[in-house]
Every structure is written in structure tokens, then in C-alpha cells.
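In what follows, a structure is listed as C-alpha cells, so that the remarks can point back to it.
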């Protein structure tokens, strides 16, 4: 019995290494976190990997509605930031099709490895995996047609640095869609006024905010700052949100 368990463990470790072999940073490091202000509100802990809510989210057509509002089309390259279990990754893979691609990004190795297994089981061949850092998504310059942050913005430990380092990865006119709940960051949501303040502080421009169906929260759509007009990290002023601290 002990031998069987040992062999099983070795096989599992070998499989994990194989899945992790092609998961890494896709770009050189950007500006370090120390150059930016810290958020003046709680940062929620990273949620445990789970797919239990996907059926409910599908009943609300969350992915379909977000794709429609962001005007996603076949052939696009879309990054699922903080991909987790891959709710958006596996659904949008079919939408962008073989001529498009999904970049599933996360700061958690284990999440990316498990998501790679999931996409392999589903036969999805247009998904690339990207390891990021809490202050830097580490994505290639001018590579993205759209970006989605689904129910994870409140978990970003260094939002000003993260948004600043994300901007160069987006092509001109790229839309970034942030899905979250209207509740304090300490309760795994982001008040919309706080979100607007933090993105505006880094130079992002707001396009629109939409209420999603049922209890799905909101979708806030922004465009990144133009390279020529980018604000200096030292000039970014941290936002205050009293509701987010409760």
C-alpha cells in the first residue's frame, strides 16, 4: 500500500511539473510596487479556487452579457485577469475562436496549473497561461484587444502599480471590463465610486457602467491612458473610501 501511494505521489508530481513547465511570465517586469502609493482601504484575501458558483452565473448569462457589452469578437486576444478556476477563460475561448486567443493570467501557480488541466480536458487550444505578480500582470506590450477582471479587483494588493503596469499591454482603444459587487472591499466587492477614483488616478477613462442581471453585480468599462499622457507613479494620489474600510 505504501509503495502504491509513493508511486501515485511521484506520478502526480511529475504531472504537475509537466503542466507548470509552460506557465510563466510573458513579459519583463514593469515598475516596482514601491514607486506607487498603497491603497487606503482593505485588500480582500484571494478567494479559494472554486467552480461551485458557475452554474448560477451561467443562469444569469454573465459571460454572455459581459462579452456583448465589451463587444468581443472572433479573432480578438482577450486576457482573463485573475482567471482563477477559469469561468471567463473557458467560455470566451469559444467566442474568440481559433483565430483569437485567451490569456489566462493569475498570481497563483496552483490555480493556473489546475486551469491548464481543465482547458486540456475541454480541448481548448487557444488559451495561453500567464503568471503575474500582485503589482504587475507581466503581459506583452500591445498584445490585448480586451481585458476582463472578474470579481477580483478587490483582491489586488497594489492596484495603482497593477493598473499602471497593465496599460502598456493594451492596444489603442482596448476596453477593460471590471465585474464586481457594490459592497466594501473587505466583503469581496468594490464600491463603484472607489473603483472610478482608483482607475482615474492612474489615467484610465470611464466608458460606461452597467448593472448585470440578478445579483451579478456591475460591469464597469474603461479605456487605458495613452502612452504619451501617462501620469508619473509619484504623481498618483491614493483614493480614500470609508465604505471600503468597514
> Within the group 39, 45, which residue is out of contact with any strand residue (DSSP E or B) (no Cβ under 9 Å at 6 or more places or on another chain) and crowded, with 16+ Cβ neighbours inside 10 Å?
Replying inline: 39
> Taking the stated definitions as given, is residue 201 crowded, with 16+ Cβ neighbours inside 10 Å, under 25 Å from residue 87 (Cα atoms) and in contact (Cβ under 8 Å) with a residue 40 or more places away in the chain?
Replying inline: no
>> When you check residue 168 against the structure, is it over 17 Å from residue 43 (Cβ atoms) and touching a strand residue (DSSP E or B) at 6+ places or on another chain (Cβ under 7 Å), yes or no?
In response: no
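Going by the conditions given, is residue 72 in contact with a strand residue (DSSP E or B) (Cβ under 7 Å, 6 or more places away or on another chain), buried (at least 20 other Cβ atoms within 10 Å of the Cβ), within 30 Å of residue 35 (Cα to Cα) and modelled with pLDDT of 95 or more?
no
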> For the subset of region 140-155 comprising residues that are part of a loop (DSSP other than H, G, I, E, B) and in contact with a strand residue (DSSP E or B) (Cβ under 8 Å, 6 or more places away or on another chain), which member is surrounded by the fewest Cβ atoms within 10 Å (Cβ to Cβ)?
Replying inline: 142
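Here's the yes/no breakdown for (1) without any contact (Cβ under 8 Å) to a residue 40 or more places away in the chain; (2) surrounded by 17 or more Cβ atoms within 10 Å (Cβ to Cβ):
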residue	(1), (2)
86	yes, yes
97	yes, no
102	yes, yes
117	no, no
122	yes, no
125	yes, no
135	no, yes
138	no, yes
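The values are calculated or read from the model by the stated rules, or taken from the named source; none is laboratory data. Small disclaimer: the values here were computed from a predicted structure and weren't measured. Here the Cβ is made from the backbone with ideal geometry for all residues, glycine too, and neighbour counts use every protein chain on show.
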